Structures are given as structure tokens and as C-alpha cells.
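Here is the structure we will look at, set down as C-alpha cells.
The values are calculated or read from the model by the stated rules, or taken from the named source; none is laboratory data. Here the structure is a predicted model, which means the values were calculated and not measured. As a convention, Cβ positions derive from the backbone with ideal geometry for all residues, glycine included, and neighbour counts pool all protein chains shown.
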Amino acid sequence: MRILRNSINTFTPGRGLKKPAVRRIKAAAAARSTSWREAVRADFVDRFAPVLPARLLERTLTEAEALAFTTPVPELVFAGLAEEKLTAASQWLARQQDVWERSSESFAA
């Protein structure tokens, strides 16, 4: 059986894909994954920027991304986990502000 050697055919029966093809496939997948994650992050920044300080927002997104990458399918987990963590962070911040206001009022009286 004769195998054609050209830039399109990089599969060799019995040997699998040649290494340059594997590198190109991995690089393309990583680029798609990175651009998708950046788009999701930008969407969350737009949604939660009025509610959360920038530093808390970035830390929460970074934590969600790190946790997502501990799973076999981070692309499926990241968006849901980020939304859950950002919602919890905004609730925590509201609670902290409420406690601060109550303590300020009690010291003022």
C-alpha cells in the first residue's frame, strides 16, 4: 500500500499522525480554548463590574478557571463555576457592606 506524501496527508496507517500535525492540532485547540475563555471572562467582567471591585472580580475568575482546569473538561465547567463563584462573591460583598454600615451606625449612636 502506497501512502501519498503531501501537506494534507499526514496520517500513516499503523503509525498514526505525524508529530507536526499533532502539534498543529494541539495549537489550534489551545487557541480556540483560549479565545473562548477570554470571551467568557469578558462577558462576566461586563456583567459583574458594576457590583464587584476589579481585584475581587479578577481573583474570583482566576479561582474559577483554576478549579475548572482540575477537571477533565474545563471548557464545560468554567462558565457555570465562574457564575456561581461571582454570584457568591457579590452576595458576600453585600453582606460585608451591610455589617459595616450597621457597625458604623451603632458606634455613631
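Results for (1) modelled with pLDDT of 70 or more; (2) in a helix (DSSP H, G or I); (3) hydroxyl-bearing (S, T, Y), shown as yes or no for each residue.
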| site | (1), (2), (3) |
| --- | --- |
| N9 | no, no, no |
| G14 | no, no, no |
| I25 | no, yes, no |
| A30 | no, yes, no |
| S33 | no, yes, yes |
| R37 | yes, yes, no |
| V45 | yes, yes, no |
| V51 | yes, no, no |
| T60 | yes, yes, yes |
Condition met for T70 (β-branched (V, I, T), surrounded by fewer than 14 Cβ atoms within 10 Å (Cβ to Cβ) and part of a loop (DSSP other than H, G, I, E, B)):
yes
Of the residues A88, A54, which is within 20 Å of E38 (Cβ to Cβ), exposed (fewer than 15 other Cβ atoms within 10 Å of the Cβ) and free of Cβ contacts under 8 Å to residues at least 60 places away in the same chain?
A54
